[in-house]
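See structure below.
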Amino acid sequence: MHNDKTIDRIIFALEKENIKTFGFCNFPSFEETNSLWQRLQSSEIPLSLSYLRKKVWGNPKEFVTWARGIITFAIPYNTTFENSIEVTKSDRVWVSRYSYGDDYHLILRKKLKLIKHFLLQEGFKARICVDSFPIFERSVAVKSGLGFIGRNGLLINEMIGSYLFLGEVITDISFDENIELKAVSDNRFCSKCNRCVDACPTKALKGDGSVNPSKCISSYNVEWRRELPLNAPNFFKNLFGCDICQEVCPYNRKKPLTEESCFKPKKGLYAPRIGDLLKMDEIEIEKLIEGTSLKRRGAKGIMNNLKKICSL
Ligand code: B12
């Protein structure tokens with residue numbers, strides 16, 4: 001169990017890293033993780049996400065038997081750059097906001113490493129997660145009071161909106177139950193607003209805060225490993241990821257911008273012109289996407305996405 005002094009010291013270390021939105025929760029029980037996992041199994045899961053079928057997602061404690069608590073973080077990534085719905089009308093395609101800057105996995109890891117070292121020094125165990133560990137990050141974020149799940153399926157924090165990355169440090173500190181603040185589990189804060197559901201071009205949002213991953217464009221233009229399947233949905237102008245359900249969300253209006261300049265678009269990645277991309281060969285595309293999350297799909301994959309958009 002922690003004492004208040006430990007929490008104060010953790011908060012001090014977080015603030016030193018300029019992490020302003022954070023929370024604490026106890027490691028979810030087997031019942032919690034297993035019921036989320038079971039629910040997920042009953043939805044249509046495309047081949048690109050078949051890793052979510054692995055049983056360990058239902059029982060992540062298998063990997064970290066010592067785990068007691070989780071420190072959760074939300075790092076904003078919004079920039080002043082205009083939305084896709086404003087700029088892709090012409091000859092441009094869209095690289096989603098979360099991916100046009102430096103790869104967030106690396107940036108968050110770097111920040112969280114210092115927190116991890118701090119905990120180790122204090123004699124605690126610690127493990128960093130940024131998409132690298134089988135834990136459902138949105139649910140632990142809800143549990144620790146970082147926000148609520150909107151109708152677009154995303155964690156929305158009332159101060160920063162939904163343009164945020166989630167990260168965690170799992171520890172063997174067990175937190176006081178009272179520290180699981182303000183967990184709000186429903187989308188009543190969306191009230192009657194249905195803008196995201198109406199705007200989703202592939203009708204991937206069910207309206208209850210869940211996403212049909214087999215319809216979401218990102219399951220294909222981000223996650224697909226090989227040639228795109230014939231039943232992949234229309235990408236419209238989305239070369240990598242899709243931001244439409246966040247762009248129309250009122251919670252993302254007039255929200256603080258990221259303080260990390262590395263999340264600003266890298267040269268050539270803000271709404272690139274189709275003509276410019278078509279002139280590039282694989283090596284040039286490789287160079288263009290170096291150090292970003294687009295590497296996940298690889299140069300060949302990005303070229304396939306472009307071909308699909310142009311129906312070549
Ligand atoms: C697989 C995956 C996807 C799949 C979607 C699969 C799915 N079922 O949702 C695809 C490829 C489509 C995808 C797309 C995107 N993703 Co994604 N994705 C993930 C990943 C790796 C796992 C998510 C998952 O499958 N969860 C399964 C569900 C069952 O659990 P869950 O995530 O906890 O969420 C549900 C529960 O919390 C439940 N719930 C609701 N209320 C409550 C209350 C309580 C108390 C509890 C316990 C649970 C609960 O409803 C939630 C929504 O269904 C996470 C990282 C991670 N390890 O969590 C990132 C993550 C969810 N993705 C992220 C992002 C940024 C995106 C995109 C915006 C990228 C883009 N621009 O294209 C889109 C957005 C699409 C959308 N509207 O959701 C961020 C979300 C940040 C945020 N603000 O929420 C995450 C957290 C990555 C990160 N580290 O920042 N993604």
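Taking the condition in contact with a Cys (Cβ under 9 Å, 6 or more places away or on another chain) and modelled with pLDDT under 95, does PHE175 pass?
Numbers: in contact with a Cys (Cβ under 9 Å, 6 or more places away or on another chain): yes; modelled with pLDDT under 95: yes.
Spelling it out, PHE175 is indeed in contact with a Cys (Cβ under 9 Å, 6 or more places away or on another chain) and modelled with pLDDT under 95.
Look at VAL56 and say whether it is in contact with a strand residue (DSSP E or B) (Cβ under 8 Å, 6 or more places away or on another chain) and β-branched (Val, Ile, Thr).
Values: in contact with a strand residue (DSSP E or B) (Cβ under 8 Å, 6 or more places away or on another chain): no; β-branched (Val, Ile, Thr): yes.
Criteria not met by VAL56.
So, of the residues in segment 13-38 that are under 20 Å from the mean Cα position of the chain (by Cα) and farther than 30 Å from GLU122 by Cβ, which turns out to be nearest to the ligand (Cβ to nearest atom)?
The extreme case among them is LEU36.
For (1) among the β-branched types (Val, Ile, Thr); (2) closer than 30 Å to LEU278 by Cβ; (3) out of contact with any Leu (no Cβ under 6 Å at 6 or more places or on another chain), each residue gets a yes or a no:
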| site | (1), (2), (3) |
| --- | --- |
| TYR104 | no, yes, yes |
| LEU108 | no, no, yes |
| LYS111 | no, no, yes |
| PHE118 | no, no, yes |
| ALA126 | no, no, no |
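Touching a helix residue (DSSP H, G or I) at 6+ places or on another chain (Cβ under 8 Å), more than 23 Å from LYS215 (Cβ to Cβ), buried (at least 20 other Cβ atoms within 10 Å of the Cβ) and touching a residue at least 40 places away in the same chain (Cβ under 8 Å): does that describe THR33?
Yes: the conditions hold for THR33.
Hey, HIS105 hits all of (1) assigned to a loop (DSSP other than H, G, I, E, B); (2) within 14 Å of the ligand (Cβ to nearest atom) but one; which does it fall short on?
(1)
Could you tell me whether PRO265 is closer than 20 Å to GLY101 by Cβ, assigned to a loop (DSSP other than H, G, I, E, B), modelled with pLDDT under 95 and in contact with a strand residue (DSSP E or B) (Cβ under 9 Å, 6 or more places away or on another chain)? Spell out how you get there, then give the answer.
Working: closer than 20 Å to GLY101 by Cβ: yes; assigned to a loop (DSSP other than H, G, I, E, B): yes; modelled with pLDDT under 95: no; in contact with a strand residue (DSSP E or B) (Cβ under 9 Å, 6 or more places away or on another chain): yes.
So PRO265 fails the test.
Kindly indicate which of ILE19, ILE75, ILE71 is crowded, with 20+ Cβ neighbours inside 10 Å, in a loop (DSSP other than H, G, I, E, B) and of a type in the set (A, V, I, L, M, F, W, C).
Exactly one residue qualifies, and that residue is ILE19.
Look through segment 142-170, keep the residues that are more than 7 Å from the ligand (Cβ to nearest atom) and small (Gly, Ala, Ser), and return whichever of them is surrounded by the most Cβ atoms within 10 Å (Cβ to Cβ).
The extreme case among them is GLY147.
Taking GLY275 as meeting all but one of (1) part of a helix (DSSP H, G or I); (2) touching a residue at least 40 places away in the same chain (Cβ under 8 Å); (3) surrounded by 15 or more Cβ atoms within 10 Å (Cβ to Cβ), write down the number of the exception.
Only one criterion is unmet by GLY275, namely (3).
Return the pairs, sorted by first residue and then second, in which the second residue is part of a loop (DSSP other than H, G, I, E, B) and of a type in the set (S, T, N, Q), the first residue lies in segment 77-97 and is within 16 Å of LEU239 (Cα to Cα), the beta carbons are less than 8 Å apart, and the residues are 6+ apart or on different chains.
Every condition considered, the pairs that remain are SER84/SER96; TRP94/THR88; ARG97/ASN78; ARG97/THR79.
For segment 39-48: of the residues being surrounded by fewer than 18 Cβ atoms within 10 Å (Cβ to Cβ) and not small (Gly, Ala, Ser), which is farthest from the ligand (Cβ to nearest atom)?
LEU47
It is to be established whether one or more residues within segment 52-71 are within 18 Å of SER218 (Cβ to Cβ) and near the ligand (Cβ under 10 Å from one of its atoms).
Taking every residue of segment 52-71 in turn, at least one turns out to be within 18 Å of SER218 (Cβ to Cβ) and near the ligand (Cβ under 10 Å from one of its atoms).
The values are calculated or read from the model by the stated rules, or taken from the named source; none is laboratory data. Small disclaimer: the values here were computed from a predicted structure and weren't measured. As a convention, Cβ positions derive from the backbone with ideal geometry for all residues, glycine included, and neighbour counts pool all protein chains shown.
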